[in-house]
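For reference, the structure is listed below as structure tokens.
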Amino acid sequence: MLIKSLVQKKDYLTTVSETATLEEALKILEDSGFRCVPILDPTGKIFRGNIYKMHIYRHKSQGGDMTLPVTYLLKNATKTIHVNSPFFQVFFNIKDLPYIAVLEEDNQFYGILTHAKLLDMLSEAWNIKVGSYVLTTVSGGDQGDLTKMSKIISKYASIAGCITLDANRDEFVRRTLFTLPAGVSKTTLENIIDKLEKKGFVVSEIEDLQTGKTLREDNKNYR
């Protein structure tokens with residue numbers, strides 16, 4: 001239910017009824033300040049799509065009829081996920097959208113998951129506020145590599161966050177980003193790097209979260 005915890009529920013959203021005209025929809029968008037809002041059926045339960053301010057402006061500037069129904073410029077009708085959808089589906093659907101509509105199991109409109117909320121959640125995985133360093137560690141992607149790296153690091157410090165990249169089957173290398181907790185000393189950091197590299201793992205980059213500086217990049221010595 002991770003998705004459900006990130007959703008802005010429909011009761012707190014600005015929406016447009018599918019019975020509204022383009023002129024009425026434009027006023028709602030201008031009054032709210034949003035560039036895009038959901039279009040719902042008259043009951044407020046069914047998601048029809050999105051209406052974008054820019055599309056209405058373009059239509060109006062070209063002398064288009066503003067008494068046409070808002071559905072005339074409806075977009076993203078199929079861009080939805082469910083509250084119980086696997087989390088990875090969000091990334092395949094949200095892409096360049098400002099938000100994606102979230103439906104309940106019975107396909108009734110539940111709310112929206114915004115791009116900003118998704119990025120906030122991902123940034124929390126880095127634990128920047130309570131972290132000291134982020135190590136980008138390169139491995140061959142073999143079974144057990146993550147366990148081995150985690151055990152090495154855990155001998156010296158706890159792991160505040162972990163993100164694995166390059167997980168495609170065709171990739172021959174995999175990057176794993178480990179966030180170390182606040183208070184880790186330079187000596188401890190050096191010990192972790194030394195042990196990782198002795199076991200065949202490459203620490204390709206080190207970021208100091210407190211200073212915002214990159215201490216090592218592309219195997220350059222950080223000392």
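At a glance:
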| item | result |
| --- | --- |
| Which listed residue is outside the structural domain of G161 (by TED's automatic domain parsing), β-branched (V, I, T) and over 30 Å from T164 (Cα atoms), from I46, I94, I81 | I46 |
| Selected residue (criterion: surrounded by the most Cβ atoms within 10 Å (Cβ to Cβ)) from residues of region 58-99 that are within 23 Å of the chain's Cα centre (by Cα) and at positive phi | N76 |
| Index of the failed condition, I39 passing every other in (1) free of Cβ contacts under 8 Å to residues at least 40 places away in the same chain; (2) among the hydrophobic types (A, V, I, L, M, F, W, C); (3) over 23 Å from A116 (Cβ atoms) | (3) |
| Test: residue in region 167-188 that is in a strand (DSSP E or B), among the polar types (S, T, N, Q), at pLDDT below 90 and closer than 26 Å to F88 by Cα | no |
| Boolean, L6 is in the same structural domain as I100 (by TED's automatic domain parsing), over 30 Å from L165 (Cα atoms) and of a type in the set (A, V, I, L, M, F, W, C) | no |
| Where a residue in region 53-71 is free of Cβ contacts under 8 Å to residues at least 40 places away in the same chain and its partner, wherever it lies, is of a type in the set (F, W, Y) and part of a loop (DSSP other than H, G, I, E, B), with Cβ under 9 Å and at least six apart | K53/F34 |
| Tabulated pairs, region 100-126, first on the phi > 0 side of the Ramachandran plot, second surrounded by fewer than 22 Cβ atoms within 10 Å (Cβ to Cβ), C-beta under 6 angstrom, 6+ apart or interchain | G111/V7; G111/Q8; G111/K9; G111/K10 |
| Where P42 falls short, out of the listed (1) closer than 20 Å to V7 by Cα; (2) at pLDDT 95 or above | (1) |
| Check on L118, in contact with a helix residue (DSSP H, G or I) (Cβ under 8 Å, 6 or more places away or on another chain), in a loop (DSSP other than H, G, I, E, B) and at pLDDT below 95 | no |
| Some residue of region 150-158 being modelled with pLDDT of 95 or more, surrounded by fewer than 17 Cβ atoms within 10 Å (Cβ to Cβ), more than 30 Å from Y12 (Cβ to Cβ) and charged (D, E, K, R) | yes |
| Qualifying residue in region 19-33 (condition: in contact with a Leu (Cβ under 7 Å, 6 or more places away or on another chain), charged (D, E, K, R) and assigned by TED's automatic domain parsing to the domain that holds Q108) | no |
| Residue that is surrounded by the most Cβ atoms within 10 Å (Cβ to Cβ), among those in region 18-43 that are within 27 Å of the chain's Cα centre (by Cα) and small (G, A, S) | S32 |
| Those residues of region 131-149 which are surrounded by fewer than 16 Cβ atoms within 10 Å (Cβ to Cβ) and under 20 Å from the mean Cα position of the chain (by Cα), in sequence order | none |
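The values are calculated or read from the model by the stated rules, or taken from the named source; none is laboratory data. Because the structure is a prediction, the values reported are computed rather than measured. Don't worry about glycine lacking a Cβ; one is built from the backbone with ideal geometry, like all the others, and counts go over all protein chains shown.
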